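See below for the structure under consideration.
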Amino acid sequence: MATETSTTTDSRGIVERLRASPFLSELLSNRLAIIGLSLILGMVLLGVYARLFIDLGAISQSQLAAHPNKAPPGWLGSAALDQFLFGTDAAARDIFKRVLYGAWLALKFGVLVVGASTVLGISLGIIAAYYGDVVDNVVMRTMDVFLAFPSLLLALALVAIFGAGLSKVVIALTLVYTPRFARVVRGAALKVLEDEYIDATVALGARDPRVLVRHVLPNCLAPITVQSTLNFGLAIIDLAALSFLGFGAQAGTPSWGLMLKNGVSNGLLTGDWWLSFFPGLFLAITVLGFNLLGDGMRDALDPRMRETVE
Amino acid sequence: MVSKRFIAKRLLLLVPVLFGVATVVFAILHLAPGDPARVILGQRAPTQQVVQLRRELGLNDPIWVQYGRFLADTAQLDFGQSYQIAKGSPVWNVLADRLPVTIELAIYGQITAILLGIPLGVLSAVKQDSLTDHVTRIGALTGISVPIFWSGPLVLLVFATFLGWLPTSGRIGSTFFLEDHWVLFGTQLPLTGMVSIDTFILDTGAFVQSILYGEGLGAFASLTEYYASFISAVQHLFLPVLTLGIYSMALLSRMMRSSMLEVIRQDYIRTARAKGQGERITILKHGLRNALIPVITVIGIQFGTLLGGAVLTETVFGIGGIGQLLVAAIGATDYPLVQGTVLVFALLFTLVNLGVDVTYSYLDPRIQQ
């Protein structure tokens, strides 16, 4: 298995180590994965740029004259509206600025959800695999219960408990995604635990936490990374979906899901397509990026895993 | 053959899961903020009334008594009464009204996904690394990256708003009335609640009646008039089903491709080819049958995604199924309705997966060991 372990006192340079890793060389030779990575990096740059430099401040009365509401994208003809690349929404806000800012929000909250559920899933999965028996059963059967709900519906049920709002949605989605990670990590950890070096470490007197953190975890990292990448796309969709249904971002937040919700309620029947088109386009491109990269990683890791990792 | 023992074992495994599901659903009401009695009576109700209602609802009992009662009620499909959305009516009645709507959408969506996704996956695998393969793969990858709440509005804008070919929302044209029963030889018979099936039954009834007692065979000339409500129902279903189906189709075709690729490298395929079997039969009879087996499991897992998609699709297209009901119930803090809806969704998902497991064990008896 082509995993990078940071545990050795390896003195080789990082470049050499990366080149020696069949996983990375395989991944870097996959054109689609590179495209995916570029899409993600591009979106990160846009998001960071928006966070630092875009001012979403309220529109003053004097500006409102130059800011008509539901103005079509400027390049569609009317020269007066050149400044609005993606048009304006029902509240006369510049959709281009908001869509860029949405990238920041999507990535930030996506990182929170995937990060938190990865950490939780790793802990639960490794503990279940290492201690086995009762612990394993209790942990994994609990995970099974969560997996018995369709994911978006579990998220909605949890939102009913926690209430609406982006931070609560993050908690709900973290609980929804944790079981998936726990399952993958448990499977990987069980395989690692069979290896002899684990026995050797235990024989040398290592305590449980050391065995788990220094030896089991690093050797499970590859499948975890693949799982995180593939779930990142799903998490971003689910975050947007909950905002779309009205339980995530609060009114006025430039989140893609909320912009789509506004697009549906304000633009569908009147044909103001740009209200929905641009936020959704950016959302889809971001998710595509993660799917391309995740697919490439999975193939590079082990072509035989195609069916097992969802 | 599927052994009875396998099914019994599989059913037994369901018990703890369903127990856990019911517990989570129970927790919704008890962890959610706010006093249910307050929610029902409104913020301005006198405390006296609230206290009394709390007693009536049994909210003062110890939590384990309430839990026991909840389990007993739930086992009898008694989810209590709706607080807000359909104030006072039993949750089960509300659900029974709306459930067929969602099931109809989900079934057609799933059929679309299977009918398109499987052939595409097979084609892609058989022509591996050809242009067809690349287009299909990238198309499928794009398909799973496009959220339903974007593709839905887009198809609506194109086909309904701009081209005007199809209706924008609802289940049937406003000039039609959705009957809840039909009459055959003077007997009232119940309908399914699925608009495409119901209108088909009713329209066919009227049409046959006209042939027998009215216009005679001349009725064929005005066939579209007799089937007007059915046609309207199909037109209303078309875009939602397409939106829901495409996403699942993309998922399925990806799975089908990788499964098929694995199978066509097997020895028995080489044997079939070596004995001079035609390529078509080799692929369809020996390849497809074996490649389908793992894909069937995926169909089960992916049914959950489909149900989640149904919630979004119903919201975009204004279809009043249990998905839209759930969203409305959460918004209105109508907890019994939320509980009932979530439980029904979880049950649907679990049962479909049970069915899938049984089918799987039928197709691949080795799994039963």
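The values are calculated or read from the model by the stated rules, or taken from the named source; none is laboratory data. Quick caveat: nothing in here was measured; it's all calculated off a predicted structure. Positions of Cβ are backbone-derived with ideal geometry, glycine not excepted, and every protein chain shown enters the neighbour counts. Surface accessibility is based on the protein's heavy atoms, side chains included, excluding ligands, DNA and RNA. Shrake-Rupley method; radii C 1.70, N 1.55, O 1.52, S 1.80 Å.
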Some residue of region B:109-119 being surrounded by fewer than 17 Cβ atoms within 10 Å (Cβ to Cβ), of a type outside the set (K, R), within 22 Å of B:V352 (Cα to Cα) and modelled with pLDDT of 90 or more: yes
Hits in region B:330-350 (condition: surrounded by fewer than 23 Cβ atoms within 10 Å (Cβ to Cβ), within 7 Å of chain A (Cβ to nearest Cβ) and farther than 19 Å from A:A164 by Cβ): B:T350
Condition met for B:S174 (open to solvent by less than 30 Å² (accessible area, probe 1.4 Å) and among the polar types (S, T, N, Q)): no
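Could you run through region B:139-152 and say how many residues are in contact (Cβ under 8 Å) with a residue 12 or more places away in the chain and within 12 Å of B:L244 (Cα to Cα)? Spell out the reasoning first.
Taking region B:139-152 as the starting set, the residues that turn out to be in contact (Cβ under 8 Å) with a residue 12 or more places away in the chain are B:139-144, B:146-149, B:151-152.
Among the residues that remain, those that are also within 12 Å of B:L244 (Cα to Cα) are: B:143-144, B:146-149, B:151-152.
Number of matching residues: 8.
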Residue identified as facing chain A (nearest Cβ under 8 Å), surrounded by fewer than 24 Cβ atoms within 10 Å (Cβ to Cβ) and in a helix (DSSP H, G or I) among B:T359, B:T297, B:T305: B:T305
Residue within region A:265-275 that is more than 8 Å from chain B (Cβ to nearest Cβ) and within 19 Å of the chain's Cα centre (by Cα) present: no
Every residue from region B:231-241 that is surrounded by fewer than 20 Cβ atoms within 10 Å (Cβ to Cβ) and aliphatic (A, V, I, L, M): B:I231, B:V234
Hits in region A:215-242 - residues which are in contact with a Leu (Cβ under 8 Å, 6 or more places away or on another chain) and among the hydrophobic types (A, V, I, L, M, F, W, C): A:V216, A:A222, A:V226, A:A235, A:I236, A:I237, A:L239, A:A240, A:A241, A:L242
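Conditions (1) within 14 Å of chain A (Cβ to nearest Cβ); (2) in contact (Cβ under 8 Å) with a residue 24 or more places away in the chain, marked per residue:
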position	(1), (2)
B:P33	yes, no
B:P46	no, no
B:E56	no, no
B:Q76	no, no
B:G80	no, yes
B:G88	no, no
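Filtering region A:24-37 down to residues that are more than 14 Å from A:T229 (Cα to Cα) and not basic (K, R), which residue is modelled with the highest pLDDT? Please lay out each step first, then the result.
Start the filter on region A:24-37 by keeping residues that are more than 14 Å from A:T229 (Cα to Cα), which leaves A:24-26, A:28-32, A:35.
Okay, now just the ones that are also not basic (K, R), so A:24-26, A:28-30, A:32, A:35.
Numbers: A:L24: 73, A:S25: 73, A:E26: 73, A:L28: 75, A:S29: 75, A:N30: 78, A:L32: 83, A:I35: 91.
Taking the candidates together, the pick is A:I35.
Report yes if some residue within region B:123-135 is on the phi > 0 side of the Ramachandran plot and not small (G, A, S); otherwise report no. Working first, answer last.
Residues of region B:123-135 on the phi > 0 side of the Ramachandran plot: B:129.
Narrowing the set further to residues that are not small (G, A, S) leaves B:129.
Within region B:123-135, one or more residues are on the phi > 0 side of the Ramachandran plot and not small (G, A, S).
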Those residues of region B:253-289 which are more than 9 Å from every other protein chain (Cβ to nearest Cβ), touching a Leu at 6+ places or on another chain (Cβ under 9 Å) and among the polar types (S, T, N, Q), in sequence order: B:S253
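Out of the residues in region B:120-138 that are open to solvent by 40 Å² or more (accessible area, probe 1.4 Å) and touching a residue at least 40 places away in the same chain (Cβ under 8 Å), which is nearest to B:S253 (Cα to Cα)? Before you say what the answer is, go through the steps one by one.
Initial filter on region B:120-138 (open to solvent by 40 Å² or more (accessible area, probe 1.4 Å)): B:120, B:123, B:126-129, B:131-132, B:134-135, B:137-138.
Subsequent filtering for residues that are touching a residue at least 40 places away in the same chain (Cβ under 8 Å) retains B:120, B:126, B:128, B:137.
Working: B:L120: 6, B:V126: 13, B:Q128: 13, B:R137: 8 Å.
Filtering region B:120-138 for residues that are open to solvent by 40 Å² or more (accessible area, probe 1.4 Å) and touching a residue at least 40 places away in the same chain (Cβ under 8 Å), the one nearest to B:S253 (Cα to Cα) comes out as B:L120.
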Residues (outside any helix (DSSP H, G or I) and facing another protein chain (nearest Cβ under 9 Å)) located in region A:139-178: A:A148, A:F149, A:P150, A:G163, A:A164
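Somewhere in region A:214-233, is a residue among the small types (G, A, S) and within 23 Å of B:G143 (Cβ to Cβ)? Steps first, please.
Taking region A:214-233 as the starting set, the residues that turn out to be among the small types (G, A, S) are A:222, A:228, A:233.
Now restrict to residues that are within 23 Å of B:G143 (Cβ to Cβ): A:228, A:233.
Within region A:214-233, one or more residues are among the small types (G, A, S) and within 23 Å of B:G143 (Cβ to Cβ).
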Within region A:240-264, tally of residues that are more than 10 Å from chain B (Cβ to nearest Cβ), surrounded by fewer than 24 Cβ atoms within 10 Å (Cβ to Cβ) and part of a helix (DSSP H, G or I): 1
Filtered residue count, region A:167-212, keeping only those that are surrounded by 14 or more Cβ atoms within 10 Å (Cβ to Cβ) and closer than 30 Å to A:S255 by Cα: 15
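Determine if region B:98-108 includes at least one residue that is more than 22 Å from B:A329 (Cβ to Cβ), surrounded by 16 or more Cβ atoms within 10 Å (Cβ to Cβ) and at pLDDT 85 or above. If you could, list the steps in order and put the result at the bottom.
We begin by selecting, within region B:98-108, every residue more than 22 Å from B:A329 (Cβ to Cβ); these are B:107-108.
Next cut, surrounded by 16 or more Cβ atoms within 10 Å (Cβ to Cβ) only: B:108.
This time we only want the ones that are at pLDDT 85 or above, so: B:108.
So far as region B:98-108 goes, yes, one or more of its residues are more than 22 Å from B:A329 (Cβ to Cβ), surrounded by 16 or more Cβ atoms within 10 Å (Cβ to Cβ) and at pLDDT 85 or above.
Okay, residues lined up against (1) surrounded by 11 or more Cβ atoms within 10 Å (Cβ to Cβ); (2) not basic (K, R):
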| residue | (1), (2) |
| --- | --- |
| B:A37 | yes, yes |
| B:Q43 | no, yes |
| B:Q52 | yes, yes |
| B:G58 | yes, yes |
| B:R69 | yes, no |
| B:D73 | yes, yes |
| B:L77 | yes, yes |
| B:I85 | yes, yes |
Region A:218-239, subset over 13 Å from A:F181 (Cα atoms) and at pLDDT below 85, residue farthest from the other protein chains (Cβ to nearest Cβ): A:P218
Residue tally, condition within 11 Å of chain A (Cβ to nearest Cβ), on the phi < 0 side of the Ramachandran plot and open to solvent by 10 Å² or more (accessible area, probe 1.4 Å), over region B:317-327: 2
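Among the residues of region B:153-167 satisfying the criterion of being without any contact (Cβ under 8 Å) to a residue 40 or more places away in the chain and open to solvent by less than 60 Å² (accessible area, probe 1.4 Å), which is farthest from the other protein chains (Cβ to nearest Cβ)? Quick ask: steps written out before the conclusion?
First pass over region B:153-167, keeping only residues without any contact (Cβ under 8 Å) to a residue 40 or more places away in the chain: B:154, B:157-158, B:161-165.
Narrowing the set further to residues that are open to solvent by less than 60 Å² (accessible area, probe 1.4 Å) leaves B:154, B:157, B:161, B:164.
Numbers: B:L154: 7, B:L157: 5, B:T161: 5, B:G164: 11 Å.
Within region B:153-167, the match that is farthest from the other protein chains (Cβ to nearest Cβ) is B:G164.
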Residue check for B:G216: on the phi > 0 side of the Ramachandran plot, open to solvent by less than 60 Å² (accessible area, probe 1.4 Å) and within 17 Å of the chain's Cα centre (by Cα): no
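Being among the β-branched types (V, I, T) and in a helix (DSSP H, G or I) is the filter; apply it to region B:251-277 and report the residue that is surrounded by the fewest Cβ atoms within 10 Å (Cβ to Cβ).
So the first thing to find is which residues in region B:251-277 are among the β-branched types (V, I, T), and the list is B:263-264, B:269, B:271.
If we keep only those that are in a helix (DSSP H, G or I) as well, we get B:263, B:269, B:271.
On the way: B:V263: 21, B:I269: 17, B:T271: 12.
Once the filter is applied, the top-ranked residue is B:T271.
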